[in-house]
Amino acid sequence: MDKQSKEIIEFTQKLVATPSQNFIDSESDVANLVFEKLKDFGFKPEIIGPKEHPSVICNIKKENASKTIWLESCLDTVPAGDTVKWEYPPFEAKIVDNKMYGCGTADSKVAIALFCYLAKELFENKNFNASIFLGFDANEQSGEYSGIRDIIKIKKPKADICILGYQGIDEISIGMRGWLRLKIITKGESAHTGSKSKRGNNAIHQMAEVITTLRKLDLEGKKEPFFEYGSAFNVSLIKGGISINIVPDECEVSIDIRFLPSQNKKEIMDKVEKTLQELKNKNSDIHYKVEFIRCEPPFLTNPEDKFVKLLQKIAQDELETKIPLVTSGAGSVGSVIIELKIPIINSFGCRCNNVHAPNEWISIDTIPEIFEIYKRSLIEFSNN
């Protein structure tokens, strides 16, 4: 393996060994590591955002450049969870059979290392004629995306392509489903379940009707090109009742809806509200309230975009296999970046597995291949 690839692996190990678990750790330590690395390369990085959730940015200007490349990856990881379930300690970044195991190896600390070294390589290459914007965002894994919002608010980056640091070598993702999260509360009246005279109003029974009614809507299974796996509707949390012998007077559910570019938040919310109001009109015992939690829009980069086609071609040449263009079911910071109307590569990178789970790993053998694919693609893109 070449010297640069070994350095990328070593830097990835340092990043993994620096915990940045969302809800547990601050990203400050890992942000400082990235800051110092970029500074050592002769760049002028900045740390922005709040102290507990800092992000790192770096503008690398190339003289006479007509294009800008934006490389973006998150600093935080999901929590490692029960370390007993890990075959190797989650923060040791141990390499076994050419796999690096560790919390955040794939999502997305290898991307941080790759992007830092890629920026250095491209900047020093006389055939590369574009500027580079590096962004390493905090607080991604919570779904709040406050780090990427800080970056956009403070810097308002302009770029011809944005490449996100999510990994996976078998396909190139150019989009994602949006997500809408709601809370629904039903209110009833308590009573003793054994009472002969007072039946109460069972809030859980109300909720059963609410859920059954909503599941009949066409919120699930809608399909369109690049989203053949369809939209999704899930009741993912439910709570209600305080004792087995008391009629519950309140029930609460959280609902996760994954929707496609042809759908939108207003359309879905209107449909939910109208349907539940019709249910209430038919059954006066139902008393409900809908609370909006959060929404992030879907996106799909044009599959005919110049860089998309170029990356696909070079990836197929280098890997000697077909690499399809797809979209992702899960969310990403691309749903925030898309407001800038910049084409986005949602994911493409090293071979990996067990993302967001014990024994997460990346194949270090694929690091040189991915580096070369991005290097070739970006140099050619910068000149066309």
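Observations on the structure shown:
- Shape class for the stretch 34-120, computed from the alpha carbon gyration tensor (a ≥ b ≥ c): prolate, with a/c not under 1.5 and a/b above b/c.
- Stretch gain in nm, segment T321-N359, where the contour uses 0.36 nm per residue and the Cα spacing is subtracted: 11.0 nm
- Each Lys and Arg contributes +1 and each Asp and Glu -1, all at the Cβ; summed about the Cα centre of the stretch 178-296, the dipole is approximately 220 debye.
- The GluC sites (Glu not before Pro) of the stretch 115-170 that meet both conditions, a loop assignment by DSSP and at most 16 other Cβ atoms within 10 Å of the site Cβ, are E144.
- At R0 = 45 Å, FRET efficiency that the Cβ-Cβ distance of A208 and K126 yields, to 0.05: 0.10
- Within straight-line cross-link reach of K44, lysines at Cα separation under 23 Å, skipping those fewer than 8 residues along the same chain: K14, K61, K62, K67, K109, K120, K126, K153, K155, K156, K158, K375
- The phi-based Karplus calculation (6.51 cos²θ - 1.76 cosθ + 1.60; θ = phi - 60°) puts the 3J(HN,Hα) values of the stretch 238-247 at 8, 8, x, x, 10, 7, 5, 10, 10, 5 Hz, whole numbers, x for Gly and Pro.
- Selection among G102, T83, F123 by position relative to the dipole of the stretch 70-128 gives F123 as farthest towards the positive end (Cβ unit charges, Cα centre).
- The chain - percent relative contact order, Cα under 8 Å, separation 6 or more: 23
- Cα coordinate range in the stretch 283-355, projected on the principal axes (Å, largest first): 64, 32, 20
- Relative to the current alpha-carbon distance between T193 and N281, full extension at 0.36 nm per residue lengthens the span by 29.0 nm.
- Legend: ranking of residues D160, D170, D82 from fewest to most surrounding C-beta atoms inside 10 Å; resulting order D82, D170, D160.
- Selection among Q206, S26, A159 by position relative to the dipole of the chain gives Q206 as farthest towards the positive end (Cβ unit charges, Cα centre).
- Amide H within-cut-off set for Q21, under 5 Å, with H built and near neighbours excluded: T77
- Spatial separation of Cα centroids for the stretch 140-160 and the stretch 1-74, in angstrom: 15
- Once the C-beta distance of K239 and K153 is scaled by a Förster radius of 35 Å, the resulting FRET efficiency is 0.45 to the nearest 0.05.
- Rg/Rh for the chain, where both radii come from Cα atoms and Rh is the Kirkwood radius: 1.06
- Charging the Cβ of each Asp and Glu at -1 and of each Lys and Arg at +1, and nothing else, the dipole of the chain about its Cα centre rounds to 1120 debye.
- Calculated from backbone phi, Karplus (6.51, -1.76, 1.60) coupling profile of the stretch 354-363 in Hz, x at Gly/Pro: 6, 5, 6, 8, x, 6, 4, 8, 10, 8
- Cα extents for the stretch 214-353 along the principal axes, largest to smallest and rounded to whole angstrom: 66, 31, 25.
- Across all directions, the shadow cast by the convex hull of the stretch 178-296 built on its C-alpha atoms averages 7.8 square nanometres.
- Ranked list, fewest to most other Cβ atoms within 10 Å of each Cβ, for Y117, Y145: Y117, Y145
- A helix-only calculation puts the chain at -9500 deg cm²/dmol for mean residue ellipticity at 222 nm, using -39500 (n - 2.57) for each DSSP H run of at least four residues, averaged over all residues.
- Qualifying trypsin sites (Lys or Arg not before Pro) in the stretch 194-295, where qualification requires a DSSP coil assignment and no more than 10 other C-beta atoms within 10 Å, comprise K196, K198, K216.
- Extended-chain gain in nm, criterion 0.36 nm per residue less alpha-carbon gap, E224 and D170: 17.3 nm
- For the stretch 241-308, GluC sites (Glu not before Pro) are listed when DSSP marks them as loop and at most 16 other Cβ atoms sit within 10 Å of their Cβ; the list is E304.
Read the figures in this text as sums done on the coordinates, not as results from a lab. Source: prediction; values computed, not measured. So basically every Cβ, Gly included, is an ideal-geometry build from the backbone, and we count neighbours across all protein chains shown.
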